[in-house]
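To start, the structure under review is shown below, and the notes come after it.
The values are calculated or read from the model by the stated rules, or taken from the named source; none is laboratory data. For clarity, every value in this text was computed on a predicted model and none was experimentally measured. Reconstructed Cβ throughout: ideal geometry from the backbone, glycine too, with neighbour counts over all protein chains shown. For the accessible areas, the whole protein counts, side chains as well, though only heavy atoms, and no ligand, DNA or RNA atoms are used. Shrake-Rupley method; radii C 1.70, N 1.55, O 1.52, S 1.80 Å.
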Amino acid sequence: MTFEKRILCIGAGYVGGPTMAMIASQCPNYRVTVVDINPERIAAWNSDNLPIYEPDLDELVRATRGRNLFFSTEIERGIRENDIIFVSVNTPTKSFGLGAGMAADLQYWEKTARQILEFSESSKIVIEKSTLPVRTALAMERILNCRENGICFDVLSNPEFLAEGTAIRDLEHPDRILIGSRETDNGLKARQTLVDIYANWVPKERILTSNIWSSELSKLVSNAFLAQRISSINAISALCEKAEADVAEVSRAVGMDSRIGSKFLNASIGFGGSCFRKDILNLVYLCRQYGLDAVADYWESVVKINDYQQERFIRNMLGAMFNTLAGKRICLWGFAFKANTGDTRESPAIFIARRLLEEQAEIVVSDPKALKNARTDLTGVSGQIRYVEDPLLAAEGCHAIALLTEWDLYRNLDFKKIFDSMAKPAFIFDGRNILDHRRCFDIGFNVYPVGKPPLTHF
Ligand code: NAD
Ligand code: UGA
């Protein structure tokens, strides 16, 4: 079969895999190849046991793989045979040298650019799918266009806005697709090629085009705004606990103002995930580089409140449990950074588990999808840790339950049975405010939500 377009994606992670599966599904006349340096990841994408858990992803991959979607480790061949190349390699926070702990580590990104340059035998459109500091495209263009051999590269910015747990829905019905390009003839032509790909299933009015720097920056700013809302409501949750207000009632009242909106106002143990923290720190670093210290301080406070909220959760546990956790057994319900994913990157549960172990508590970790990652995250951490998938068995004999991920399955368990199996007095710390607190209290639990008055029997 001859395909109308041949598309390559470098980086088969949480973004590359699902995004390309969606393009392959919506555009059966395109051939889509996803390559990665990690052979195990590629083997998993080619197996029945995909490397990531995401609702509806299995079905999408099963319907397209081998038809017009291919996973491979042949990067060189992929570059040679495809003229449209998405790059969705990881861009973590730098852990060494200048900017350590703040700036984006662009080594994977630059290596990819150099590979594209080395193996290309024809002109290409190269698309930044990874989240990058503003003006990265300039560096990319300089690397790619450094040879005078008639091959030219047009660099586009096309940031990804999917959220884990809802990735397939977000990809199928995106709020917007953003495409940034140079405003030259070639840049505009390349931009149109990418618009045409998305136009196969995304309504035209949702495909937004812009200058390339605005596009790069909009991705960082979108994540910063989302995280800022969470830190704002979490900051208020601390005040609610002092003032005997209820943060859910406050967020409802505030969110009903149509200028503010109701989403992303759920108080919690803090945001996790691979991106919010790294992208805000990246923004902060950029601002400082440009000498905008007041702007940098403003955004950095979003991360500081997030750290504060996690530490506050531990302090509330300690305070409620008579100022000592030593020798007490605490069950963690949920380890993933949010529900409907097995991803634990930057999960608040990692911090909370470590802090509980520092206090010499024993912990029992429970999660329906994230136990494998939890084991890796806690490797080498000293203390008593058990992993039990069943939440009822996990809670047996424990002094307290800390609910850390808002999995639906925790909402309607047999709380009477759980209470009877626990050490007394039994505590629940609902870090996501998803349980029926009154019901748990009536059964006998001492209940500590976030940002609401506790319900205690003392
Ligand atoms: P990931 O770590 O899951 O995947 C990145 C993949 O790139 C890895 O499999 C890695 O082996 C591969 N890779 C690294 N260098 C390579 C190279 N030179 N050649 C081939 N493969 C290489 O990361 P992710 O979560 O998919 O994120 C990728 C980018 O997308 C990041 O910049 C992130 O900020 C952004 N993003 C992520 C999400 C999300 O929900 N995870 C959403 C939007 C944007
Ligand atoms: C986030 C953004 O929502 C995506 O648009 C973006 O593409 C992505 O980051 C990225 O760049 O990686 P994601 O991190 O997958 O997506 O998940 P979110 O739904 O944003 O949740 C992030 C964290 O915030 C989770 O820990 C979640 O539990 C927490 N959260 C979310 C709250 O504590 N309260 C809320 O009201 C909402």
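For residues that are outside any helix (DSSP H, G or I) and open to solvent by 30 Å² or more (accessible area, probe 1.4 Å), scanning just the stretch 203-218, find the one that is nearest to ligand 2 (Cβ to nearest atom).
L208
Let's see how each residue does on (1) closer than 23 Å to V89 by Cβ; (2) modelled with pLDDT under 95; (3) within 16 Å of ligand 1 (Cβ to nearest atom); (4) of a type in the set (F, W, Y):
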{"position": "P159", "(1), (2), (3), (4)": "yes, no, yes, no"}
{"position": "D185", "(1), (2), (3), (4)": "no, no, no, no"}
{"position": "T193", "(1), (2), (3), (4)": "yes, no, no, no"}
{"position": "A224", "(1), (2), (3), (4)": "yes, no, yes, no"}
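Can you go through G397, G380 and tell me which one is open to solvent by 10 Å² or more (accessible area, probe 1.4 Å) and within 20 Å of D420 (Cβ to Cβ)?
Answer to the selection: G397.
For the stretch 154-178: of the residues being among the charged types (D, E, K, R) and in contact with a helix residue (DSSP H, G or I) (Cβ under 8 Å, 6 or more places away or on another chain), which is nearest to ligand 2 (Cβ to nearest atom)?
Checked the stretch 154-178; the qualifying residue nearest to ligand 2 (Cβ to nearest atom) is E160.
Please find, within the stretch 243-263, the residue that is least open to solvent (accessible area, probe 1.4 Å) out of those that are more than 12 Å from K452 (Cα to Cα) and assigned to a loop (DSSP other than H, G, I, E, B).
G261
In the stretch 442-458, what residues are aromatic (F, W, Y), over 21 Å from F335 (Cα atoms) and either open to solvent by less than 40 Å² (accessible area, probe 1.4 Å) or in contact with a Phe, Trp or Tyr (Cβ under 6 Å, 6 or more places away or on another chain) (or both)?
F445, the sole residue that qualifies.
So which residues in the stretch 55-74 are open to solvent by 60 Å² or more (accessible area, probe 1.4 Å) and acidic (D, E)?
Answer for the stretch 55-74, where residues must be open to solvent by 60 Å² or more (accessible area, probe 1.4 Å) and acidic (D, E): D56, E59, E74.
Does at least one position in the stretch 181-200 carry a residue that is within 16 Å of ligand 2 (Cβ to nearest atom), in a strand (DSSP E or B) and surrounded by 14 or more Cβ atoms within 10 Å (Cβ to Cβ)?
no
Which one is least open to solvent (accessible area, probe 1.4 Å) among residues in the stretch 75-100 that are over 18 Å from A21 (Cα atoms), within 11 Å of ligand 1 (Cβ to nearest atom) and of a type outside the set (V, I, T)?
Here the answer is P92.
Considering every residue within the stretch 211-231, establish whether at least one is touching a Pro at 6+ places or on another chain (Cβ under 8 Å) and among the aliphatic types (A, V, I, L, M).
Looking for residues that are touching a Pro at 6+ places or on another chain (Cβ under 8 Å) and among the aliphatic types (A, V, I, L, M), one finds at least one in the stretch 211-231, hence yes.
Mind checking which residues of the stretch 271-290 are more than 16 Å from ligand 2 (Cβ to nearest atom) and among the polar types (S, T, N, Q)?
The one that is more than 16 Å from ligand 2 (Cβ to nearest atom) and among the polar types (S, T, N, Q): Q289.
Can you name every residue in the stretch 13-53 that is in contact (Cβ under 8 Å) with a residue 60 or more places away in the chain, part of a loop (DSSP other than H, G, I, E, B) and within 12 Å of ligand 1 (Cβ to nearest atom)?
If the condition is that a residue be in contact (Cβ under 8 Å) with a residue 60 or more places away in the chain, part of a loop (DSSP other than H, G, I, E, B) and within 12 Å of ligand 1 (Cβ to nearest atom), then G13, Y14, V15, I52 are the ones that fit.
With the checklist (1) surrounded by fewer than 17 Cβ atoms within 10 Å (Cβ to Cβ); (2) of a type in the set (V, I, T); (3) within 16 Å of ligand 1 (Cβ to nearest atom) in hand, flag the one item T2 doesn't pass.
(3)
If N266 satisfies all but one of (1) open to solvent by 50 Å² or more (accessible area, probe 1.4 Å); (2) within 12 Å of ligand 2 (Cβ to nearest atom); (3) touching a residue at least 12 places away in the same chain (Cβ under 8 Å); (4) part of a helix (DSSP H, G or I), what's the number of the condition it fails?
Against the list (1) open to solvent by 50 Å² or more (accessible area, probe 1.4 Å); (2) within 12 Å of ligand 2 (Cβ to nearest atom); (3) touching a residue at least 12 places away in the same chain (Cβ under 8 Å); (4) part of a helix (DSSP H, G or I), N266 comes up short only on (4).
Pull out all pairs, ordered by first then second residue, where Cβ-Cβ is under 6 Å, the residues are six or more apart or on different chains, the first lies in the stretch 82-103 and is within 16 Å of ligand 2 (Cβ to nearest atom), and the second is open to solvent by less than 40 Å² (accessible area, probe 1.4 Å) and acidic (D, E).
P92/D105
Of the residues E121, E110, which is more than 24 Å from T209 (Cα to Cα), of a type outside the set (S, T, Y) and assigned to a loop (DSSP other than H, G, I, E, B)?
E121
Conditions (1) free of Cβ contacts under 8 Å to residues at least 40 places away in the same chain; (2) farther than 20 Å from G383 by Cα; (3) not acidic (D, E), marked per residue:
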residue	(1), (2), (3)
F322	yes, yes, yes
I330	no, no, yes
W333	no, no, yes
N340	no, yes, yes
E346	no, yes, no
F351	no, no, yes
E362	yes, no, no
L371	yes, no, yes
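Would a scan of the stretch 219-240 turn up a residue that is away from ligand 2 (no atom under 12 Å from the Cβ) and either assigned to a loop (DSSP other than H, G, I, E, B) or of a type in the set (G, A, S) (or both)?
yes
Quick grid of which residues meet (1) surrounded by 16 or more Cβ atoms within 10 Å (Cβ to Cβ); (2) not in a helix (DSSP H, G or I):
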residue: C287; (1), (2): yes, no
residue: Q310; (1), (2): yes, no
residue: T324; (1), (2): no, yes
residue: F335; (1), (2): yes, yes
residue: N340; (1), (2): yes, yes
residue: I350; (1), (2): yes, no
residue: R355; (1), (2): yes, no
residue: V364; (1), (2): yes, yes
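So which residues in the stretch 416-439 are crowded, with 22+ Cβ neighbours inside 10 Å and assigned to a helix (DSSP H, G or I), if there are any at all?
Result: I418, single match.
Could you identify the single residue in E141, E148, E121 that is surrounded by fewer than 16 Cβ atoms within 10 Å (Cβ to Cβ) and in contact (Cβ under 8 Å) with a residue 12 or more places away in the chain?
Unique residue meeting the criteria: E121.
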